[in-house]
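Below is one structure; the comments refer to it alone.
The values are calculated or read from the model by the stated rules, or taken from the named source; none is laboratory data. Just so it is clear, the model here is predicted, and its values are computed rather than measured. Ideal geometry is used to build each Cβ from the backbone, glycine not excepted, and the neighbour counts take in all protein chains shown.
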Amino acid sequence: MKRAIFPGTFDPFTVGHFSVVKRALTFMDEIVIGIGINENKKTYFPIEKRVEMICNLYKDEPRIKVVPYNSLTIDFANSVDAKFIVRGIRTVKDFEYEETIADINRQLAGIETILLFTEPELTCVSSTIVRELLHYNKDISCFIPKGLEI
């Protein structure tokens, strides 16, 4: 079975992640979305709400599992028996960083990383910007995957 993880501390509306996961399902048998628990990182929703919202977003896709984790990415991948890590890329800078991390993951744990770019219209928008817009009660509907209730 080709299983990949999609790790992050992201909130459910993190820009571009929905499309990256959907595209990864075209060549993976299963994807485990890891919701990182990081007490030092400010998120808009608590962990329980993030898990609930992401589960709801993918409720019609049985090949997706959502799991909170509090470990290194490679340790999380090993704990769910995943041989691949899927990462979303918005910019060339993201690509360069993720490519370096992918080399480290490959050397340390033998885990391959698949880097997928988000849609062109989302390349300039970060999840931080979306959270700030939401904080100021601005319309963020164009950044939220269809079917996600906030």
Considering (1) within 21 Å of residue 80 (Cβ to Cβ); (2) under 12 Å from the mean Cα position of the chain (by Cα); (3) at pLDDT below 90, say which one residue 33 fails and leave the rest. (3)
Can you pull out every residue in the stretch 106-150 that is of a type in the set (Val, Ile, Thr), under 15 Å from the mean Cα position of the chain (by Cα) and modelled with pLDDT of 85 or more? 113, 114
